[in-house]
1. For segment 51-112, what class follows from the C-alpha gyration tensor (a ≥ b ≥ c being the square roots of its eigenvalues): rounded when a/c is under 1.5, otherwise prolate if a/b is larger than b/c, else oblate?
2. How much accessible surface does R63 have with a 1.4 Å probe, in Å² rounded to 10?
3. To the nearest 0.05, how large is the calculated FRET efficiency for V53 and R117 if R₀ is 51 Å and r is the Cβ-Cβ distance?
4. Using a 1.4 Å probe and counting only protein heavy atoms, arrange H210, H229 so the residue with the most accessible area comes first.
5. Please calculate how many Å² of accessible area the chain carries per residue, with a 1.4 Å probe and no DNA, RNA or ligand atoms counted.
6. Can you give the helix-only mean residue ellipticity at 222 nm for the chain, where every DSSP H stretch with n ≥ 4 adds -39500 (n - 2.57) and the sum goes over all residues, rounded to the nearest 500 deg cm²/dmol?
7. How large is the accessible surface of Y98 in square angstrom, using a 1.4 angstrom probe and rounding to the nearest 10?
8. Amide H to amide H, which residues 5 or more places from V295 or on other chains are under 5 Å from it, using H placed in the peptide plane?
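The values are calculated or read from the model by the stated rules, or taken from the named source; none is laboratory data. Computed from a predicted model, the values in this text were never measured in an experiment. So basically every Cβ, Gly included, is an ideal-geometry build from the backbone, and we count neighbours across all protein chains shown. Ligands, DNA and RNA are stripped out before the accessible areas are found, and what is left, the full protein with its side chains, is counted by its heavy atoms. Shrake-Rupley method; radii C 1.70, N 1.55, O 1.52, S 1.80 Å.
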Amino acid sequence: MKKVKAIFAMMLFSFGAFAQSSNANEGAIWDDPILLFYITAGFMFVVALLVIVVALYMLQVLRYLAKDAAMERAKKAGVEFVEEPSWWAKLNQKLYGYVPIEKEETIMLDHNYDGIRELDNHLPPWWKWLFIGSIIWGVFYLIAYHVTSSLPLQIDEYQNEVAVAEEQIRKLKAANPGAVIDENTVMLATDATALADGKETFNNICSSCHRVDGGGDIGPNLTDQYWKHGGSIKDVFTIVKNGVPNTNMVAWGGALSPEKMQNVSSYLLTLQGTNPPNAKAPEGDLYVPEAKEPVVSDTIKTQASL
Ligand code: HEC
């Protein structure tokens with residue numbers, strides 16, 4: 001079973017990779033019961049298909065053997081061997097209801113245009129029944145969806161799903177504040193691992209414009225108390241996540257996970273007051289922290305990586 005899981009995981013990752021956000025942790029796939037259900041169902045479907053193919057093949061072999069034996073018997077008895085029409089031929093006859101070529105004369109219409117004549121064939125039964133079925137379905141649909149409104153239309157289905165998802169988010173947020181990190185719930189991370197992670201992100205990505213020491217270059221100086229967009233953890237996180245339109249500060253929300261953005265925002269706030277040499281002149285307004293910033297406690301930290 002482990003091997004099978006591994007193979008499916010490989011297949012899934014190969015096309016799921018595009019949809020994965022960067023903060024997806026491995027193994028999460030097996031925690032999702034619905035996904036697991038689909039994988040199991042898909043696996044059983046393939047197995048069932050294989051069994052059916054083998055069974056059909058065996059049946060075909062049996063048919064040939066039986067036909068052979070019947071021909072042998074007919075030969076011995078000295079009668080002509082007449083083959084039973086196959087189930088396929090019978091099915092075709094039922095579905096199409098065509099008149100055999102030998103009996104065509106019975107449905108020939110009497111006009112004749114230079115040798116071109118016309119057969120008065122029926123509509124194929126499969127088509128006729130599908131047509132009648134679709135009319136019945138249409139009546140049912142009209143009544144159920146538009147008259148009694150007992151079944152939800154697509155827009156209602158969508159709204160129901162959104163409502164359910166919103167309820168889930170609300171519960172999740174209530175159960176562990178910090179598990180969903182966004183502009184409203186972001187907090188200052190103070191533990192060494194988080195800050196080290198933030199430093200790595202800052203040095204890799206942000207330093208090209210803000211300098212490794214935060215002194216500012218293309219982007220503003222991040223070490224002084226002057227901010228164009230506010231200096232609280234929420235302000236900084238918001239700018240990192242959404243960027244500043246029409247400037248070189250792009251939105252990092254798509255590239256960095258919320259936790260990584262929280263870490264890098266927290267790290268850059270540790271650069272406050274470091275006074276690096278040749279720093280850029282202050283831009284924006286003086287920001288005086290109103291109260292102590294909310295800090296990520298260790299318990300919340302562990303929940304954050306859920
Ligand atoms: C391509 C250059 C560039 C990169 C890369 C960049 N920034 Fe910026 N950043 C800017 C510019 C330009 C501004 C000023 C935007 C404005 O005029 O409001 C800015 C503004 C900011 C501000 C607001 C400063 C203030 O005064 O309010 C913060 C915070 C910030 N950047 C953080 C980051 C972080 C964190 C990263 C890395 C994830 C990053 N930046 C990457 C160019 C960049």
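1. oblate
2. The accessible area comes out at roughly 110 Å².
3. Here the calculated transfer efficiency is 0.70.
4. The residues order as H229, H210, largest area first.
5. On a per-residue basis, the chain sits at 73 Å².
6. -16500 deg cm²/dmol
7. 100 Å²
8. L188
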